[in-house]
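Below you'll find the structure, written out as structure tokens, and then a few comments.
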Amino acid sequence: MRFEVPLVTGRLIKRYKRFLADVTLDDGGAEITAHCANSGSMMGLKDPGIKVWLTPNDDPGRKLKYSWEMLGIDGAMVGINTSRPNGLVEEAIAAGRIPELTGYEKLRREVKYGKNSRIDILLEGAGDKRTYVEVKNVTLAREKGISEFPDAVTARGAKHLDELTDMVRAGHRSAMVYLIQRDDCDALVLARDIDPKYGEAFDAAVKAGVEVYAIGCRLNTDEIVADRPVEVRC
């Protein structure tokens with residue numbers, strides 16, 4: 001995924017109300033408020049002064065003229081825009097970077113299923129061949145090289161695991177894909193101390209046959225590409 005416009009750099013002042021971030025722009029020093037498309041806790045990623053990259057937007061109907069895309073911390077690039085993961089995983093599947101999810105005739109996104117939910121990606125093949133794919137964005141890393149999910153309690157995430165399990169029991173494949181949107185991690189673990197119930201739901205889903213994959217990203221100021229398998233140690 002290439003950025004359509006050049007990114008703007010700045011320094012974080014604070015992130016607040018979940019979806020807002022105040023930033024001092026590097027060019028000129030203006031203080032602006034950017035949209036933060038991330039409802040998670042962003043643990044370890046919101047200290048004042050960290051370097052951030054923003055996407056500018058000149059749409060006159062839009063109140064906030066910048067969106068927070070990435071940040072730099074301890075030499076790593078981290079993508080925090082949670083509107084990106086589904087598209088990044090779709091690109092990775094189309095390019096054959098998740099071999100287990102190739103060989104399908106059709107890919108659709110945001111398809112209704114389960115208990116009043118929408119599946120992130122539905123893969124469809126000949127006959128009634130289907131694979132239901134849920135995508136989770138991963139940014140937490142409390143130990144060098146090890147990414148973790150979740151970064152906050154997520155009842156919604158546990159619900160998604162239950163619904164993927166239901167699809168397996170209905171005779172379909174289902175898969176959880178964790179997108180590691182940072183370039184310094186080569187393994188994924190569950191943050192069971194943060195959300196034990198998510199860990200329990202994960203274990204039950206895997207036991208029932210839900211598949212689990214993790215893919216890491218290459219990030220720079222021109223593009224983000226999900227391009228490498230990451231070891232799952234869950």
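Could you work out the helix-only [θ] at 222 nm for the chain, with each DSSP H run of four or more residues adding -39,500 (n - 2.57) and the total divided by the number of residues, to the nearest 500 deg cm²/dmol? Rounded to the nearest 500, the figure is -5000 deg cm²/dmol. From the Kirkwood radius over Cα pairs of the stretch 1-121, Stokes-Einstein at 25 °C and 0.890 mPa s returns a whole-number translational diffusion coefficient of 151 µm²/s. When the P(r) is computed for the stretch 97-234, the part past 19 Å accounts for 51% of the Cα-Cα pairs. Using θ = phi - 60° in the Karplus curve 6.51 cos²θ - 1.76 cosθ + 1.60, the 3J(HN,Hα) couplings for the stretch 181-192 round to 8, 8, 9, 10, 10, 10, 8, 10, 10, 8, 8, 5 Hz; x is entered for Gly and Pro.
Among the protein heavy atoms of the stretch 1-139, carbon and sulfur supply 47% of the accessible surface, probe 1.4 Å, non-protein parts ignored. Compute a Gaussian network model of the chain, connecting alpha carbons closer than 10 Å, and tell me which residue from ALA95, ALA21, ALA191 fluctuates the most. Looking only at ALA95, ALA21, ALA191, the biggest GNM fluctuation is shown by ALA95. With N counted as the residues of the stretch 74-141, its alpha-carbon radius of gyration over 2.2 N^0.38 Å works out to 1.27. Directionally averaged projected area (the stretch 1-66, Cα convex hull): 5.1 nm².
Amide H contacts under 5 Å for ARG173: ARG130, TYR132, restricted to partners 5 or more places along the chain or on a different chain, H placed in the peptide plane at 1.01 Å from N. Taking the DSSP beta bridges with both ends in the chain, the antiparallel portion is around 70 percent. Using C-alpha pairs under 8 Å with a sequence gap of at least 6, the mean separation divided by the residue count of the chain gives a relative contact order of 17 percent. Exposed loop GluC sites (Glu not before Pro) only (DSSP loop, at most 14 other Cβ atoms within 10 Å): please give the longest stretch of the chain free of them, not including the sites. For GluC sites (Glu not before Pro) (loop position, at most 14 other Cβ atoms within 10 Å), the longest site-free span of the chain is 106-234.
The values are calculated or read from the model by the stated rules, or taken from the named source; none is laboratory data. Quantities reported herein were computed from a predicted structural model and do not represent experimental measurements. A quick note on method: Cβ atoms are made from the backbone with ideal geometry, for glycine too, and the neighbour counts reach across all protein chains shown. Note: areas computed on protein heavy atoms with side chains; ligands, DNA, RNA excluded. Shrake-Rupley method; radii C 1.70, N 1.55, O 1.52, S 1.80 Å.
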